[in-house]
Amino acid sequence: MPVYTKDFSELLEPTLRVVYDDSDRAWAPEWSQIFSVENSSKAAETDFSTTGLGLTQSYAEGEDVPFDTVYRGFKKVYTHLQYGLGVIITRIMYEDDQYRHMKAKPQALARSANEAIEINCANILNRAFSSSYTGGDAKELCATDHPLAGGGTFSNELATAADLDVTSFEQALIDIGDFKNERGLKYRAMPQKLVVSTTNAFMAQQILKSAQIPGSNYNDVNPAFNVLPGGHQIMHYLTDADAWFITTDAPNGLLFFWRRNKEFSNDSDWNSDNAKYKVTYRCIQGWTEPRCIFGSPGA
């Protein structure tokens with residue numbers, strides 16, 4: 001629906017003290033702090049893994065060397081989605097706007113696009129514990145029973161859901177150190193960053209930046225002090241206030257693919273002279289390697 005002068009008559013007379021909107025009051029990009037950003041040149045991107053080998057085995061003199069095999073891992077397909085939004089402003093509205101307010105309104109398209117990207121990426125974490133949203137191994141992002149291609153399971157979720165505190169944080173680091181690869185061997189994943197909602201922002205500060213154990217009457221050294229090289233990241237788009245996550249350096253984890261970055265264009269309708277502005281882009285986000293993150297939905 002076009003923007004008409006009848007709906008914004010105040011903008012036609014130079015009597016207003018100020019004309020403003022809230023399109024510039026946005027948080028700095030948060031999604032790009034935890035997602036790896038890659039460009040794509042195809043309609044879809046596919047990740048596929050194979051396993052390594054098991055442990056070497058002892059064998060007796062004169063016997064054949066034991067042989068192992070390679071197993072198929074898991075496949076994840078990223079199919080790009082197209083997004084867009086536009087706004088139409090009548091030529092008279094454009095011409096008679098005394099404050100040039102509507103002339104700048106197309107800039108709000110950037111805010112709309114950025115907000116949508118933030119929400120879509122945050123939803124990967126918002127749905128991390130939901131079995132309705134699964135990855136290549138048919139399990140949700142954070143689960144206690146991710147299947148291993150060579151048999152068995154591994155966990156990237158607290159066995160007992162808990163709110164963020166020093167004790168649960170310690171257990172998460174222990175569990176990350178116990179990660180297994182697809183053949184059940186130790187998997188090296190180094191914790192990087194604590195991701196929290198605004199509700200847990202103060203607790204994250206206490207855990208990571210207190211020189212002594214937070215909330216304790218003792219003068220014991222806080223072993224969590226500056227233990228994460230990436231510190232903590234507040235994500236304002238997390239919908240579960242007490243859910244929290246720790247990212248790791250596992251490759252091929254949280255991924256964001258640009259098929260076509262944001263493109264802004266404008267044109268005018270020949271019949272009406274209405275000005276048209278739009279933004280379009282194609283992208284997709286998700287995860288391949290669940291060991292890229294460890295989480296708890298909170299108590």
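Restricting to DSSP H runs of at least four residues, report the calculated mean residue ellipticity at 222 nm for the chain, -39500 (n - 2.57) per run over all residues, nearest 500 deg cm²/dmol.
-5000 deg cm²/dmol
Take the residue pairs Lys103/Lys278; Lys76/Lys278; Lys76/Lys139; Lys75/Lys139 and return only those whose Cα atoms are more than 21 Å apart.
Lys76/Lys278
For Gln233, what residues show an amide H to amide H distance below 5 Å, using hydrogens built from the backbone and excluding near sequence neighbours?
Long-range HN contacts for Gln233: Leu194, Val195, Val196.
What relative contact order, as a whole-number percentage, does the chain give when Cα pairs under 8 Å and 6 or more residues apart are counted?
Worked out over the chain, it gives 24 percent.
Estimate the FRET efficiency between Leu55 and Thr144 by the formula 1/(1 + (r/R0)^6), using the beta-carbon distance for r and 25 Å for R0, to the nearest 0.05. Intermediate values should be presented prior to the final figure.
Details: r = 25 Å, r/R0 = 0.99.
That gives a FRET efficiency of 0.50.
Run the accessible area of segment 138-292 with a 1.4 Å probe and give the carbon-and-sulfur part as a rounded percent.
The C+S portion of the solvent-accessible surface of segment 138-292 is 48 percent.
Give the calculated FRET efficiency between Asn271 and Arg100 to the nearest 0.05, with a Förster radius of 25 Å applied to their Cβ-Cβ distance. Can you show the working numbers first?
Values: r = 25 Å, r/R0 = 1.02.
So, using R0 = 25 Å, E works out to roughly 0.45.
I'm a student and want to see the number: the projected area of the Cα convex hull of segment 123-273, averaged over all directions, in nm².
Its average projected convex-hull area is 13.7 nm².
From the list (i) 183; (ii) 297; (iii) 117, can you say which value of volume of the Cα convex hull per residue in Å³ was derived from the structure given?
(i)
How much area per residue is accessible in the chain when the probe is 1.4 Å and only protein heavy atoms are counted (Å²)?
Accessible area per residue: 57 Å².
Note down the net charge around Phe202, summing +1 for each Lys or Arg and -1 for each Asp or Glu among other residues with Cβ under 14 Å from its Cβ.
-2
Provide Rg and Dmax in Å for segment 42-93, with only Cα atoms included in the calculation.
Cα radius of gyration and Dmax of segment 42-93 are 27.4, 94 Å respectively.
The values are calculated or read from the model by the stated rules, or taken from the named source; none is laboratory data. On a predicted model such as this, the values are computed, not experimentally measured, just so you know. Because the Cβ atoms are built from the backbone with ideal geometry, glycine has one as well, and the counts that use them run over all protein chains shown. Ligands, DNA and RNA are excluded from the accessible area calculation, which covers all protein heavy atoms including side chains. Shrake-Rupley method; radii C 1.70, N 1.55, O 1.52, S 1.80 Å.
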